[in-house]
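The values are calculated or read from the model by the stated rules, or taken from the named source; none is laboratory data. Note that the coordinates shown come from a computational prediction; the quantities given were computed from them, not determined experimentally. When we count neighbours, we look across all protein chains shown, and the Cβ atoms used for this are built from the backbone with ideal geometry, even at glycine. Heads up: the accessible areas ignore ligands, DNA and RNA and are worked out on the full protein's heavy atoms, side chains in. Shrake-Rupley method; radii C 1.70, N 1.55, O 1.52, S 1.80 Å.
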Amino acid sequence: MKWQAKAACTPEDSALMFSELGSKVARMKAICANCPVQVQCLALGMDDEFGIFGGMTPDERKQLATV
């Protein structure tokens, strides 16, 4: 996907995106906060049960989906 090349997390280790450690989740969310493709990433991850997508955890995405 072309938009993924613009993602702020591209230079990061992909394991950071799937960590459940609080400090790593916070770091990933901080990276996502300034990402130019945050909306596209969130749309991609809405049905994913793992990882940070668009700055949201799986639980946060589930809550968003029920709104």
> Can you tell me which of A15, A33 is modelled with pLDDT under 95 and open to solvent by less than 90 Å² (accessible area, probe 1.4 Å)?
Replying inline: A15
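Against the definition (open to solvent by 80 Å² or more (accessible area, probe 1.4 Å), over 17 Å from Q4 (Cβ atoms) and in contact with a helix residue (DSSP H, G or I) (Cβ under 8 Å, 6 or more places away or on another chain)), how does E20 come out, yes or no? Steps first, please.
Numbers: open to solvent by 80 Å² or more (accessible area, probe 1.4 Å): yes; over 17 Å from Q4 (Cβ atoms): yes; in contact with a helix residue (DSSP H, G or I) (Cβ under 8 Å, 6 or more places away or on another chain): no.
No, not satisfied.
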> Out of curiosity, is E49 open to solvent by 80 Å² or more (accessible area, probe 1.4 Å) and part of a loop (DSSP other than H, G, I, E, B)?
Replying inline: yes
